[in-house]
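Here is the structure we will look at.
The values are calculated or read from the model by the stated rules, or taken from the named source; none is laboratory data. Since the model is a prediction, treat every value here as computed from it, not as a measurement. Heads up, the Cβs are rebuilt from the backbone with ideal geometry, glycines too, and the neighbour counts pull from every protein chain shown. With ligands, DNA and RNA removed, areas are computed over all heavy atoms of the protein, side chains included. Shrake-Rupley method; radii C 1.70, N 1.55, O 1.52, S 1.80 Å.
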Amino acid sequence: QRQRLDSHKLIEEFMVLANVAAAEFLEEKKRPCMYRVHDEPSMSKIESLAEVLDSVHIRFDKGQPATPHRFNQILAKAKGTAHAQMINDVVLRSQAQAMYDPNNIGHFGLSLKRYCHFTSPIRRYADLLVHRALLRGLKPSDGALPEDSGDFVRIGEHLSVTERRAQAAERGAMDRYS
């Protein structure tokens, strides 16, 4: 495991704020934005999570709304216990998968109303789309972007599928390595 220093956390926070600011700017300029969206967990996943947590004597009332704060409380209760890693995995699996979408539904996991990827245009095409939209917001004649909003929907779906494929390949490689 890598050591996570306060400097890493600070940089992470700045990156999140930059991603929020980019989304807010694009909304203000009425430019298309490829949001990174993350829906609330489904009720069936919450029920399954509650059962697992009950088996290790961590209370999770299914009747209360799921919030990122409640999930953080669970992780804090589990920290340092024999079940910590298993609970971390179960909490993570109980979440909806984040996706790329031009229709903003917010980011549940980060508890943000708007969020886009903007900080890694070399790594992710979604970030490059946001950069191009930002250029168009600053100078309407700059930045090659699809004009049809349907293109953004299709691109978001494609980006989400290829991301899942890359994650599966990464997990497979890590499983073989360990």
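Here are a few things to note about the model shown:
- The ellipsoid equivalent to the alpha-carbon distribution of the chain has semi-axes of 34, 18, 17 angstrom, derived from the gyration tensor eigenvalues as √(5λ) and listed largest first.
- Here is how the number arises for the chain: DSSP H runs of 4 or more residues each give -39500 (n - 2.57), the sum is divided by the residue count, and the result at 222 nm is -19000 deg cm²/dmol.
- Expressed as a whole percent, the accessible area of segment 26-178 that falls on carbon and sulfur atoms is 53 (1.4 Å probe).
- Unit Cα scatterers, Debye sum, segment 40-110: log10 I(q)/I(0) for q = 0.12, 0.20, 0.22 Å⁻¹: -0.32, -0.82, -0.96
- The HN-Hα couplings worked out from phi for segment 8-16 by the Karplus form 6.51 cos²θ - 1.76 cosθ + 1.60 (θ = phi - 60°) are 5, 4, 5, 4, 4, 4, 4, 5, 4 Hz, whole numbers, x standing for Gly and Pro.
- Summed over the residues of the chain and divided among them, the accessible surface reaches 67 Å² per residue at a probe radius of 1.4 Å.
- Trypsin sites (Lys or Arg not before Pro) lying in DSSP loop within segment 68-169, provided at most 10 other Cβ fall within 10 Å: Lys79, Arg123
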